[in-house]
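The structure appears below as structure tokens.
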Amino acid sequence: MSNKPFIYQAPFPMGKDNTEYYLLTSDYVSVADFDGETIPESGTRSPDPTGAASLSRRFFHAPSGTPETGCGYSSRSRSQRKRQVRGAAILKKLRNRRQGVLPTCQDTGTAIIVGKKGQRVWTGGGDEEALSKGVYNTYIEDNLRYSQNAALDMYKEVNTGTNLPAQIDLYAVDGDEYKFLCVAKGGGSANKTYLYQETKALLTPGKLKNFLVEKMRTLGTAACPPYHIAFVIGGTSAETNLKTVKLASAHYYDELPTEGNEHGQAFRDVQLEQELLEEAQKLGLGAQFGGKYFAHDIRVIRLPRHGASCPVGMASPAPLTVTLKRKQPRRYLDRKTGTQPRPVHSGRTAPGR
């Protein structure tokens, strides 16, 4: 028997949220008093600001997105002609996207929504249906591809024609906010999500680094580099590892601490991230014409693990798609008239292809 005292450790202790939020609507959200408490209320009859938010996600880049995307096409090691051709094509795509004509990639993905609903937020129920309606409106009203196939039996399928069903995962948390992460996850990078069942023998500096470099190499170029690559080492189960690596690849866990503790908090290994990024530049794989830009950035997250297991997950979203974070009912920053519309995930390209 152990005599250690009980200490609760939040598994993912996040730092300050530096996301820049914009106002979508001030309608359909109110505050009520109940039993001496102030309760935010949000009805599910809204004409879906979620749909507008998804549209913004598909058509606009984060402030850092455009220069970051261009890094793979401006290397002096390339011929002038190759740089001009590739750079012009990318800029044309970005212009079309900003004008709301077409998204930057034809695969506009499976709509994935992760919601964390504060215990003091009342919606009246039906959250999944309301969010699905937002996805529906976005895909049927705009130039976005329908990629979802419904199984009629084990072998026959039909396209749903709406891009539904969406993947919606809702969690109950403390507080008075309802927070969402919206991702459009396409097949190209979804097929490049991997789980490796390893053991403690992998956990030495030399072995782990070499292992991760070799796994990066297996990504190839099918999912359109430069990639945003994420690795997760550990996890209390295989499914926890894969769920974490998906969110890490969207930069959702960027504000994690950078060191662990004896209670099992998740943390980022920023030194290993930099070392792996340097190794990625040596692979000789890059955007279209090869070169050093195999990855925009790399995230490495360490989780606690069962002594008999050491799951390792890898995910790699493509570069030309951003994810979106949304919350209610706190105030958003008003978008100034005439300024460039930007997704709320400010200051980084949060991939979601």
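Derivation of every value follows stated rules applied to the coordinates shown; laboratory data play no part. A quick note: this is a predicted structure, and the numbers were derived from the prediction, not measured. When we count neighbours, we look across all protein chains shown, and the Cβ atoms used for this are built from the backbone with ideal geometry, even at glycine.
For the range 124-176, the list of trypsin sites (Lys or Arg not before Pro) that fall in a loop by DSSP and count at most 16 other C-beta atoms within 10 angstrom reads Arg145, Lys156. Rg/Rh for the range 110-169 (Cα atoms only, Rh after Kirkwood) is 1.07. Of the chymotrypsin sites (Phe, Trp or Tyr not before Pro) found in the range 110-169, the ones in coil according to DSSP and having at most 11 other Cβ atoms within 10 Å of their Cβ are Tyr155. With the Kirkwood sum run over all distinct C-alpha pairs, the range 193-315 has a hydrodynamic radius of 14.5 Å.
Cα centroids of the range 1-37 and the range 158-225: 25 Å apart. Within the same chain, lysines fewer than 8 places from Lys243 are excluded, and of the rest, those with a Cα less than 16 Å from its Cα are Lys116, Lys185, Lys192. Highest mean first, the peptides 278-286, 32-40, 308-316 sorted by other C-beta atoms within 10 Å per residue fall in the order 308-316, 278-286, 32-40. In this rough spin-label picture, where each label sits 7 Å from Cα along the Cβ direction, the Ser30-Lys207 distance is 6.2 nm. Taking the average, over residues, of other Cβ atoms within 10 Å as the packing measure, peptides 158-166, 203-211 rank 158-166, 203-211 from highest down.
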